[in-house]
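As structure tokens, the structure follows; a few thoughts come after it.
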Amino acid sequence: MIKLNELDELLFTIKKQFDYDFSDYSKASMLRRVNRFMDINNMKTSVDLKFELINNPTIFQNFINEIVVNVSEFFRDPSFFKSLHEKVFPYLDSYPKINIWTAGCSFGEETYSLNILLKENNLFPKTRIYATDISRNAIEQSKKGIYDNTNFKDYTKNYYECGGKESLKNYFVSDEKHSMINSEFKQNILFSNHNLVADSVFKECQLILCRNVLIYFNSKLQNKAFELFYDSLPVHGFLAIGKKESLRFSSVYENFKEIDREEKIYQKIR
Amino acid sequence: MKPEIIIIGGSAGAFDTILSILNNLDKSIDTPIVIVLHRLKNSNSSFESILQRSTHYTVKEIDDKEKIEKGFIYTAPANYHLLLEENYTFSLDVSELVNFSRPSIDITFESFSILLKEKCCGILLSGSNHDGAIGLKIMAENNGKTIIQDCDEAEFAIMPKAAKNIYNKHQELNTKDIINTLNNEYN
Ligand SMILES: C[S@@+](CC[C@H](N)C(=O)[O-])C[C@H]1O[C@@H](n2cnc3c(N)ncnc32)[C@H](O)[C@@H]1O
């Protein structure tokens, strides 16, 4: 177990040694994740942890994969997807080609959910999705698109709650334990590694989804991410963040208009 | 020194107790109160508006990185764990369920008490699982004030009992005495 005061020092070492900067992440959840990692790997002190990180090259990548929180689900917050469908899709439809960025895509649940809705609303053929995450493992898992069957009851419930009319399972090939998303839903998605803290704009996108990622950043880092999103959006482009996250305190707030206050969907107006 | 934040955790059977605590708090008290109650996922319940009718505080469901202020009752949103940052702002977290729960009372009790030490008061009410027991123990060990609902009074005693089983120095009080204690401590 490490304490808060040791955390800063650890993050500083990581920044120097590996060029990954977690110093502006939310300390409280970072502390829990680091302690969880140490627990799983039988490390007792921050000295043990640092020693392993520095001397064992595979463990660092493991560390990155484990300290980020990859928990996600299909159609998380159904009311959000409903609103996206009702308030944003009609607007997107007016573009000849659509680029969408899902930042912090985890294992792909959110990106594939979106793609299913795009398909059902005939926007699929003209859409390209860029799905990014800091974790290499997350990107690999996303590309595979294989999910545990145990959670599908919840996913199906979510899907219906957001207005789905098909059978969700029709979009997957399943065996007893797992379900894999149909390959057509992979065709228009480019999954890649991207770090919101360090990397820059890579593509202009008409819609950006970045949900439940910013909660892991402190306000300063959130602001930096908002500036990045601002720069990646054309005027009239849309930004959607997590239900309990807020754009209000960021420097670009004035440049956005609220499309759905509850669901945290914004449109860039200048 | 007086505790600075009151944290109430509860599950099945806790809601009415929370209402009667809030209803009977002296109007002069404005110590921030944080409520972590197990709730249904995606529920758009009118929980906050019902609370609001029972209190002179302003009731607010927590947004990420919101700063804690006096005169507010903060409720933990469904489907997020609730943590405290050094600058007295809340952090939300969607990591794995703990004790089958998100929010988990254990996580909030622990996170608040490692920062606030003796400046917090944790109250664990009725519920039918073990969430909160470990967190309340940690809070007690950090010199926070810790109270469990009277196990005979609680509609579901599993939760306060679990806390008592792993640590026997929490104050065990019925609703009336919880109210009296808070009114004495924070006035
Ligand atoms: C809780 S998941 C959110 C998944 C999905 N967006 C949702 O709402 O269900 C958070 C994701 O953010 C990613 N993440 C954390 N820090 C990041 C960073 N600096 N850059 C890019 N992604 C990051 C994590 O790897 C994780 O997959």
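The values are calculated or read from the model by the stated rules, or taken from the named source; none is laboratory data. Computed from a prediction, not measured in an experiment: that's the story for all the values here. Virtual Cβ from ideal backbone geometry, glycine too; neighbours counted across all protein chains shown.
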Residue check, A:MET43 against (1) surrounded by 17 or more Cβ atoms within 10 Å (Cβ to Cβ); (2) within 16 Å of the ligand (Cβ to nearest atom); (3) part of a loop (DSSP other than H, G, I, E, B), all met but one. Which one?
(2)
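State whether the residues of the stretch A:153-166 include one that is touching a Cys at 6+ places or on another chain (Cβ under 9 Å) and within 12 Å of the ligand (Cβ to nearest atom).
Start the filter on the stretch A:153-166 by keeping residues that are touching a Cys at 6+ places or on another chain (Cβ under 9 Å), which leaves none.
No: the stretch A:153-166 contains no residue that is touching a Cys at 6+ places or on another chain (Cβ under 9 Å) and within 12 Å of the ligand (Cβ to nearest atom).
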When the residues of the stretch A:3-37 are narrowed to those that are at pLDDT below 95, more than 10 Å from chain B (Cβ to nearest Cβ) and not in a helix (DSSP H, G or I), which ends up nearest to the ligand (Cβ to nearest atom)?
A:TYR20
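In the list A:ASN137, A:ASN188, A:ASN193, which residue meets the criterion of being assigned by TED's automatic domain parsing to the domain that holds A:PRO234, in contact with a Lys or Arg (Cβ under 7 Å, 6 or more places away or on another chain), within 12 Å of the ligand (Cβ to nearest atom) and touching a residue at least 40 places away in the same chain (Cβ under 8 Å)? Walk me through how you get there before you give the answer.
Working: A:ASN137 fails: in contact with a Lys or Arg (Cβ under 7 Å, 6 or more places away or on another chain); A:ASN188 fails: within 12 Å of the ligand (Cβ to nearest atom).
Exactly one residue qualifies, and that residue is A:ASN193.
Scanning for something within 14 Å of chain B (Cβ to nearest Cβ), within 16 Å of the ligand (Cβ to nearest atom) and either part of a helix (DSSP H, G or I) or hydroxyl-bearing (Ser, Thr, Tyr) (or both), does the stretch A:111-128 turn up at least one residue?
Initial filter on the stretch A:111-128 (within 14 Å of chain B (Cβ to nearest Cβ)): none.
No: zero hits.
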It is to be established whether one or more residues within the stretch B:33-46 are free of Cβ contacts under 8 Å to residues at least 60 places away in the same chain and within 14 Å of B:LEU182 (Cα to Cα).
yes
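Just give me the residues in the stretch A:205-261 being among the β-branched types (Val, Ile, Thr) and more than 14 Å from chain B (Cβ to nearest Cβ), in sequence order.
Answer for the stretch A:205-261, where residues must be among the β-branched types (Val, Ile, Thr) and more than 14 Å from chain B (Cβ to nearest Cβ): A:ILE208, A:VAL235, A:VAL252, A:ILE259.
Just checking, which of A:PHE107, A:PHE22 is crowded, with 22+ Cβ neighbours inside 10 Å and closer than 30 Å to A:GLU184 by Cβ? If you could, list the steps in order and put the result at the bottom.
On the way: A:PHE22 fails: closer than 30 Å to A:GLU184 by Cβ.
Criteria check complete, one pass: A:PHE107.
Could you please give the count of residues in the stretch A:38-50 that are within 14 Å of chain B (Cβ to nearest Cβ) and of a type in the set (Val, Ile, Thr)? First the steps, then the outcome.
Taking the stretch A:38-50 first, the residues within 14 Å of chain B (Cβ to nearest Cβ) are A:39-40.
Among the residues that remain, those that are also of a type in the set (Val, Ile, Thr) are: A:40.
Total meeting the criteria: 1.
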Scanning the stretch A:234-251 residue by residue, those more than 17 Å from B:GLU66 (Cα to Cα), of a type outside the set (Gly, Ala, Ser) and surrounded by 18 or more Cβ atoms within 10 Å (Cβ to Cβ) turn out to be A:PHE238, A:LEU239
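Say we look at the stretch A:74-104 and pick out the residues that are within 14 Å of chain B (Cβ to nearest Cβ) and under 23 Å from A:ALA225 (Cα atoms); which of these is nearest to the ligand (Cβ to nearest atom)? If you could, list the steps in order and put the result at the bottom.
Of all residues in the stretch A:74-104, those within 14 Å of chain B (Cβ to nearest Cβ) come to A:74-83, A:104.
So of that shortlist, the ones also under 23 Å from A:ALA225 (Cα atoms) come out as A:76-77, A:80-81, A:104.
On the way: A:ARG76: 5, A:ASP77: 8, A:PHE80: 9, A:PHE81: 11, A:GLY104: 3 Å.
Here the residue is A:GLY104.
Yes or no, residue by residue, for (1) over 21 Å from A:PRO78 (Cβ atoms); (2) at the interface with chain A (Cβ under 10 Å from one of its Cβ atoms); (3) surrounded by 19 or more Cβ atoms within 10 Å (Cβ to Cβ):
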| position | (1), (2), (3) |
| --- | --- |
| B:HIS38 | no, no, yes |
| B:THR58 | yes, no, no |
| B:VAL94 | no, yes, yes |
| B:SER113 | yes, no, yes |
